[in-house]
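S.K.: Take this structure first; my questions come after.
The values are calculated or read from the model by the stated rules, or taken from the named source; none is laboratory data. Keep in mind the model is a prediction, meaning the values are calculated, not measured. For neighbour counting, all protein chains shown are included, and Cβ atoms are generated from backbone atoms with ideal geometry for every residue, glycine included.
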Amino acid sequence: MFIDKAQLIVQAGSGGDGCLSFRREKYIPFGGPNGGNGGAGGDLFLVADQNITTLLDFVKHPHFKAENGTAGSGWDKAGKSGQDLTIRVPCGTVVYREGKMVGDLRKDKEVLLIAHGGRGGRGNASFKTSRNNAPRIAEKGEPGETVTLDLELKLIADVGLIGCPNAGKSTLLSRISAARPKIADYPFTTLSPNLGVAKFKEKSFVVADIPGLIEGAHLGKGLGLEFLRHVERTRMLVHLVDVFGYDGKTPLEHFRSIQKEIRHYSLKLSKKPVLVVMTKMDLTGAEEELKKFKKSLKGKEILGISAVSGAGIQEILSLVIKKLKTIKEPVDEEIPKESAVGRFIFEDEFSIEQEEKSFRVKGKKIERLFAMTNFKQEEAVSRFQNILKKMGVEKALEKHGCQAGDLVHIGTMEFNYSPGTSLNP
Ligand SMILES: Nc1nc2c(ncn2[C@@H]2O[C@H](COP(=O)(O)OP(=O)(O)OP(=O)(O)O)[C@@H](O)[C@H]2O)c(=O)[nH]1
Ligand SMILES: [Mg+2]
């Protein structure tokens with residue numbers, strides 16, 4: 001099954017906890033701290049893979065988690081880092097986070113970092129200073145990032161075949177490439193896009209055949225405009241028109257209504273160069289129809305083909321190759337710099353929100369500090385308080401009207417505010 005939209009819920013690995021330990025050996029009465037650091041958690045990546053053609057797997061299995069780092073241990077032994085996890089997606093996968101595009105994996109093997117693993121917690125050996133040579137403090141590992149991503153597959157092809165149902169799009173694709181799409185004498189034979197590589201005189205290009213369009217597709221009629229997404233990134237369109245029309249309408253009426261649907265879908269798409277091709281020229285009376293059609297669309301380049309006799313097929317191929325040479329690659333959709341996953345975002349160190357009689361301190365740095373503090377260790381608690389003080393959290397709380405006894409939330413913890421001693425969990 002061809003699925004072109006999916007959601008991923010990924011969690012990078014958490015860092016391992018730092019270790020609290022002291023050297024204990026015979027004849028060495030005051031062995032120093034020797035607790036090692038925890039290992040880093042594994043990162044999560046997406047990688048484009050040309051052998052994958054659908055996002056179907058993610059609909060069934062949207063959850064992924066990279067490995068956690070292991071805890072540090074005594075004798076200054078660091079924990080092991082967690083393995084990174086790489087998730088394979090089809091080429092042409094566009095990645096969104098909270099509605100913003102954060103990546104576009106076009107070419108085989110392109111990689112995108114989507115979630116950072118947590119840092120390993122520092123062991124007590126790392127906290128040794130000249131003033132404190134026996135620290136009883138070790139950090140917990142930093143939790144790995146959890147991220148929800150929306151994936152959208154937009155096929156990457158040079159040429160898009162569009163037209164009414166039954167116009168002969170899939171038949172043409174099967175004539176010019178090795179692709180074997182389903183072909184039949186009824187509308188909506190093609191239910192999902194097909195890709196094929198067409199070759200002509202040592203040159204090749206990728207063609208996308210999509211389901212047929214009908215008038216009112218923008219209102220959801222037929223299969224709607226959903227699949228036009230897959231010709232958005234082509235360099236040109238080939239619009240196929242059945243020489244005897246479809247559903248009682250003339251070729252000209254069809255041509256116009258499909259062009260109108262495309263304009264409804266996107267102005268950008270409607271501005272792509274179009275080659276108009278009349279199909280089924282082997283049928284009796286076709287020449288007359290083609291003449292009429294050409295006359296009413298003066299100035300447009302129109303070709304006639306027959307997939308049955310092969311007439312016109314070579315002409316299409318050589319014309320498309322000639323045209324492609326003059327058309328630049330479509331410009332990429334801009335990825336806003338600040339939203340790219342994995343990019344460092346400058347933000348205020350913290351912010352304070354008032355919730356009735358209580359206050360919430362928010363911010364990446366503080367929340368991370370909270371997650372990595374082991375509140376069972378006295379020294380860790382006082383380090384936590386000192387850092388908050390240095391960051392100016394106490395002052396900021398008072399500015400917001402926080403008074404002794406008021407509740408302050410950080411992460412999942414509640415504190416009673418007491419000025420001077422800062423926050424006591
Ligand atoms: N006589 C004749 N019949 C053709 C020609 N091209 C296609 N057909 C027939 O037209 C019918 C529709 O062809 P398809 O290739 O399935 O048409 P399509 O545009 O892909 O149709 P949908 O996938 O339903 O949108 C089939 O019965 C084909 O055999 C042609 O050049 N000459
Ligand atoms: Mg088809």
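S.K.: Residues Glu25, Glu67: which one is without any contact (Cβ under 8 Å) to a residue 60 or more places away in the chain, farther than 16 Å from Ser81 by Cβ and charged (D, E, K, R)? Break it down into steps so the answer makes sense when it comes.
M.R.: Values: Glu67 fails: farther than 16 Å from Ser81 by Cβ.
Checking each option against the conditions leaves just Glu25.
S.K.: Of the conditions (1) in contact with a helix residue (DSSP H, G or I) (Cβ under 7 Å, 6 or more places away or on another chain); (2) among the hydrophobic types (A, V, I, L, M, F, W, C); (3) within 12 Å of ligand 1 (Cβ to nearest atom), Leu191 clears all except one; give me its number.
M.R.: (1)
S.K.: Can you find a residue in the stretch 79-96 that is surrounded by fewer than 19 Cβ atoms within 10 Å (Cβ to Cβ) and over 22 Å from the mean Cα position of the chain (by Cα)?
M.R.: Checking the stretch 79-96: at least one residue is surrounded by fewer than 19 Cβ atoms within 10 Å (Cβ to Cβ) and over 22 Å from the mean Cα position of the chain (by Cα).
S.K.: Would you confirm whether any residue within the stretch 119-132 is near ligand 1 (Cβ under 9 Å from one of its atoms) and touching a strand residue (DSSP E or B) at 6+ places or on another chain (Cβ under 7 Å)?
M.R.: Filtering the stretch 119-132 down to residues near ligand 1 (Cβ under 9 Å from one of its atoms) leaves none.
No, the stretch 119-132 contains no residue that is near ligand 1 (Cβ under 9 Å from one of its atoms) and touching a strand residue (DSSP E or B) at 6+ places or on another chain (Cβ under 7 Å).
S.K.: Next question. Please verify whether Arg88 is of a type in the set (D, E, K, R) and in a loop (DSSP other than H, G, I, E, B), treating the condition exactly as stated.
M.R.: no
S.K.: Output the residues belonging to the stretch 174-187 that are more than 8 Å from ligand 2 (Cβ to nearest atom) and under 32 Å from the mean Cα position of the chain (by Cα).
M.R.: Correct list: Ser174, Ser177, Ala178, Ala179, Arg180.
S.K.: For residues in the stretch 211-248 being of a type in the set (D, E, K, R) and under 24 Å from Ile316 (Cβ atoms), which is modelled with the highest pLDDT? Lay out the reasoning, then the answer.
M.R.: Start the filter on the stretch 211-248 by keeping residues that are of a type in the set (D, E, K, R), which leaves 215, 221, 226, 229, 232-233, 235, 242, 247.
Now restrict to residues that are under 24 Å from Ile316 (Cβ atoms): 232-233, 235, 242.
Details: Glu232: 86, Arg233: 84, Arg235: 90, Asp242: 94.
Only one residue tops the list, namely Asp242.
S.K.: Which strands (runs of 3 or more DSSP E) does the stretch 228-334 wholly contain that include 2 or more residues that are within 16 Å of ligand 2 (Cβ to nearest atom) and under 19 Å from Ile214 (Cβ atoms)?
M.R.: Working: elements: 236-242, 274-279, 302-304.
Qualifying strands (runs of 3 or more DSSP E): 236-242, 274-279.
S.K.: Ok, one more. Give just the number: which of (1) in a loop (DSSP other than H, G, I, E, B); (2) crowded, with 18+ Cβ neighbours inside 10 Å; (3) of a type in the set (Gly, Ala, Ser) does Ala208 not satisfy?
M.R.: Condition not satisfied by Ala208: (1).
S.K.: Next question, about the same structure. Say we look at the stretch 188-206 and pick out the residues that are within 15 Å of Ile316 (Cα to Cα) and in contact with a strand residue (DSSP E or B) (Cβ under 8 Å, 6 or more places away or on another chain); which of these is farthest from ligand 2 (Cβ to nearest atom)? Don't jump to the end; show me each part of the working.
M.R.: Here is the first cut: in the stretch 188-206, the ones within 15 Å of Ile316 (Cα to Cα) are 197-201, 203-206.
Retained after the next criterion (residues that are in contact with a strand residue (DSSP E or B) (Cβ under 8 Å, 6 or more places away or on another chain)): 197-198, 204-206.
Values: Val197: 18, Ala198: 16, Ser204: 22, Phe205: 19, Val206: 17 Å.
Ranking the qualifying residues of the stretch 188-206, first place goes to Ser204.
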